[in-house]
C-alpha cells in the first residue's frame, strides 16, 4: 500500500513543488508516534519507501541505513535507548477522576518512561514534601531532565507528573495561562546511564497541574500504568540518491523525522517537503548530485555525517508554519563564513524572489540570521559541510499536543520548496555570480576585524573557504576540540548555566570556530563579531568549555 497523492505541475526547469502533496504527507506523518528506533518509526519509513517507489524512483537509489543506539556515544552525544510505547493511563484514585491517557494524547507520557508492573497507586506529593519520595508520585513544574536528576536519581521517586513549557513567549501568547489545555512534549534522559532507574512520567496541561498541585501532600493518591519497553537497538536513516547531470558536487537535503504524534510543524513539515523535493528533483535532472536524507535528529545525523561525504546540506526543520496562527517568522540560518557560503547566498536570493506577495508587498515574514544550535545543520558544519538551515521561529505550538496539521500553511511549501529548487539550479546557471556575492559578503565581514587579535588567522581561513588560497598563520595559543561532531547540551548541566539567554548557541559557535580556527584569540574575535556579542562573554564560555574538557588550550 502507498500514498497516492501525485498532482504534478511543470515549469521550464522541471517539476514544481505541489503544496497539496506536501500537506497530505504532513497529515499522514503526523499520525505516527515517531520515537527514535521504534517499530512505529520503522513502519512510517517503510510506508515512505513504498510511496517513493510508486513514484517511479528506482529502488537501487534508496538506502535504509542503520546505526546502533542505546549503549554507544557519537561525539558529545550519548545515544538514547529505543523506546517502544504502547499504552498508559493516569487517574486520581479516590475520588476516581480521569486525567489523561496515551490513546487520547500522545504527548501525555514523557518520552523514555519505563514500564510499571500493571496498575500502581501512589500518594501524590510535591517538592515541598518532607519525607521519603521513593513510594510517592511527585507533581512538579520543572524541566524533565532536572526533575529526573533530582527526584529520580537522588531521591528515588518512581513516578513524576510534570508541567514544563519551553520557550515561553508572551508576544505570541505562548504561556501556560494562554494555553491551559495544552500538553507539552517532554523527555527523560533515557540513556544507558539512566534507564536502570525504571521511572515513568506523565506530562499534564496547566489546568491539570494546578489541580494536582492543590491536592498534593494531602493524602490523595494517583492510579496509573505504563506499558512500554526500553531496549538497545538501531536507528534508521533513509537516504534517497538522485544523480546529477553535469557535476560531481553533492548537495544533501536533510530533515529529522522523529518526535511524537502529531508533531506536524516539528517536523513532519520538513520531512514531507524533503520527500516532495525528491520527487521534483528526480523529474528535473538536477545539475548536481542530490541526497535526500530523513534522520532521527542528531542521533542519526552524527553517525551519517561521519561516514558520508557531502559538499553542502540544506536542513529543513519546522518549515510549514502558518505565521498568523503560530507567530512565526521564516528564518534562513546562514553558515558561518569560516565555511563556504555560496549556498546560503543562493537560498537567500531565491527566498526573497519567491516570497508570496499581496500586490507588491511580501505576505510572509522572512529573516536571515546567524547560525544557532538545536538542529542537524550544526552536525554537518562540524564535519566541514556548509549547512544552512531553513525553519520557522518562534512557534506558539512548538513541542506541544497542539502542533497539528491545521497550524500549517501549504503556501509555505511552494515558496520554500521552489526557492530550494531554484538555488540548486544556480549551481549550474549562475554559480560564478553567486560565488562573487559570497566572497563580497565575506570581505565585508573581514573589514570589521581589522587589527583585532587573531584577525590574520580568521582572514586566511575565510578566504580559503571561498576559494582564495592563503597561508594560515600558526596559532599563538592553540585551541583544540575534543570530539567529533557538535558540542551538544551536557555541558550546560555540568555548570548550571542553562538559564543564561542563548548560552547553547554561543557554546555551539565557539566549539565550531575552535574546530577550524584553532587559535584562542581568533575564536574570541570571530564569535564575538559574528554573533555581535561581548568578547568577555565569549571568553568566559570558552574557558568553561576548557574547564569541562570539551576544548583543550595550549601554547603553540
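Values quoted throughout were computed directly from the atomic coordinates according to the rules given, and no laboratory measurement underlies them. The structure presented is a predicted model; accordingly, all values stated were derived computationally and were not measured. Quick reminder, even Gly has a Cβ in these numbers, built from the backbone with ideal geometry, and neighbours come from all protein chains shown.
One table, with the values for the structure above:
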read-out	value
Theoretical FRET efficiency, 1/(1+(r/R0)^6), r = Cβ-Cβ of residue 234 and residue 450, R0 45 Å, to 0.05	0.30
Cα→Cβ-extended label distance, 7 Å offset, between residue 502 and residue 429, nm	3.7 nm
Segment 97-116 versus segment 166-188: alpha-carbon centroid distance in Å	18 Å
Helix 520-530 axis, angle to the chain major axis (alpha carbon atoms, nearest 10°)	90 degrees
Segment 436-555: relative contact order in percent, alpha carbon pairs under 8 Å with at least 6 residues between	32 percent
Rounded tilt (10° steps) of 410-429 against the dominant C-alpha axis of the chain	30 degrees
Virtual spin-label span in nm between residue 248 and residue 534, 7 Å along Cα→Cβ	5.0 nm
Spacing of the two label points (7 Å from each Cα toward its C-beta) at residue 97 and residue 192, in nm	4.4 nm
Ranked list, fewest to most other Cβ atoms within 10 Å of each Cβ, for 415, 91	91, 415
Fraction of beta bridges assigned by DSSP in the chain that are antiparallel (%, nearest 5)	65 percent
Value of relative contact order over segment 251-331, rounded to a whole percent, pairs C-alpha under 8 Å and six or more apart	49 percent
Among 348-360, 522-534, the order from most to least packed when residues are scored by Cβ within 10 Å on average	522-534, 348-360
Distance from segment 412-459 to segment 223-238 (C-alpha centre basis), Å	43 Å
Residue order, fewest to most surrounding Cβ atoms within 10 angstrom, among 309, 377	309, 377
Ranked by how many other beta carbons lie within 10 Å on average, peptides 323-334, 198-209 from highest	198-209, 323-334
Extension gain (nm, one decimal) between residue 325 and residue 361, 0.36 nm per residue minus Cα-Cα	11.0 nm
Relative contact order of the chain, defined on C-alpha pairs under 8 angstrom at six or more residues apart (%)	16 percent
Degrees, to the nearest 10: 206-215 long Cα axis against longest axis of the chain	30 degrees
Ranked list, fewest to most other Cβ atoms within 10 Å of each Cβ, for 312, 489	489, 312
Amide N of segment 207-225 lying under 17 Å from the label point, which is placed 7 angstrom from the Cα of residue 141 along Cα→Cβ	207-217
Efficiency of FRET from Cβ geometry, residue 552 and residue 173, R₀ 51 Å, rounded to 0.05	0.65
